[in-house]
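One structure is given here, and the rest of the page talks about it.
Quick note: the coordinates plus some simple rules give every number you see, no bench work behind them. Keep in mind the model is a prediction, meaning the values are calculated, not measured. A quick note on method: Cβ atoms are made from the backbone with ideal geometry, for glycine too, and the neighbour counts reach across all protein chains shown.
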Amino acid sequence: MSQADSIPTRAGQYPNDHCPLCGGDNQCANSAAGDAAAGPPCWCKSVQIPEAVLDCLPEQARGVACICATCAKQAAPTTVPGVHQIVDQGQRPALQLAANGQRVLISLTGAQVLSWHTEHGDVLWTASEPKYEAGKPVRGGVPLVFPWFGDHRSNQELPAHGFARSVDWQRVDQQVSQVTLQTSDTEATRKLWNHAFRAELTVALGETLGITMTVTNTGDDTFSFEQALHTYFAAGDVHEASVHGLENVTFLEHAREPEGEWDHTAALRFRAETDRVFQDVPDELSLHAKTLGRTVTLHTSNSRSTIVWNPWPTKTARLSQMQADDWRSFCCIESANVGDHAITLAPGTSHEMSLTLRSSQDDP
């Protein structure tokens, strides 16, 4: 598409008073929505917007939001090929990677991968009532877990899963369809976890989606931490989904209402609330989403723990951003180092954990 009238605004689906590229005011949005009282037709009905600009639109904005006049008249905000500086659905600073007909959206809030769109649809899952707010993660995509997993063991008032998902990250490097984001200790993080550190997240899009998390001890004292890429996968119907590669792997089940019994030698199926922490896991797992006709392969490096999670209806009712039936359409497979596999870093040393995702459509 190349005409702006191909992207009318529909209220309630995307913030229609701001441009989805720069976050600036979009004064024509009301008239684009077809409101006769708003004045003359939208200015952009008669202009040609470059394809390169339209290609930068976040997936959630396609077909529902208007680009402002400034962005429409300029070249796409591209710094290197395949990297675009945009805003997410809450007007927060974001980056979009593009390659091979795929798009990945990354928020600078928490360095969170929000979506991965391929020709076969979205591989990652987002809750039905997502909130794109400053200092808060969205339920979906790939929130980061650092420096502790779950509730803090000695102080229940500290945020679950640590603070990395809530702080602002900065872009420090970029290559073709690849960016590296970074954050480090501040006075605020020291009040939560009194250590000097630097954390980097590199996201690279090609034939696969690669995510690498590197943590460096920049202080004078040794510290230990836990970490996870809390990946939400679209599963279609979770009853028909299965996780392969964890057969006979040791785990602890943390669900309140778990399945009564199961075959440990078979692929993991979802029959009740599931919250299993596996240790000493293999480097390759796969998710078979039968109703989507899709298999996602997860290949990890330096990840010795895996968490498989689905809240089922009872817990879903207690969770934010979710509607009652959301549990049916996703599962989490988290690449991690937690518990007995927490990482200990001496001063000046680093640890790198990586995840490579490959999505393929199953043969009919």
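Ranked by the mean number of other Cβ atoms within 10 Å of their residues, highest first, the peptides 137-144, 256-263 come out as 137-144, 256-263.
Counting neighbouring Cβ atoms within 10 Å and putting the fewest first, the residues Phe149, Phe197 line up as Phe197, Phe149.
Positive contributions from Lys and Arg (+1) and negative ones from Asp and Glu (-1), summed over other residues with Cβ under 14 Å from the Cβ of Ala127, come out at +1. When the GluC sites (Glu not before Pro) in segment 119-221 are filtered for DSSP coil states and for at most 12 other beta-carbon atoms within 10 Å of their beta-carbon, the remaining sites are Glu119, Glu133, Glu157, Glu207.
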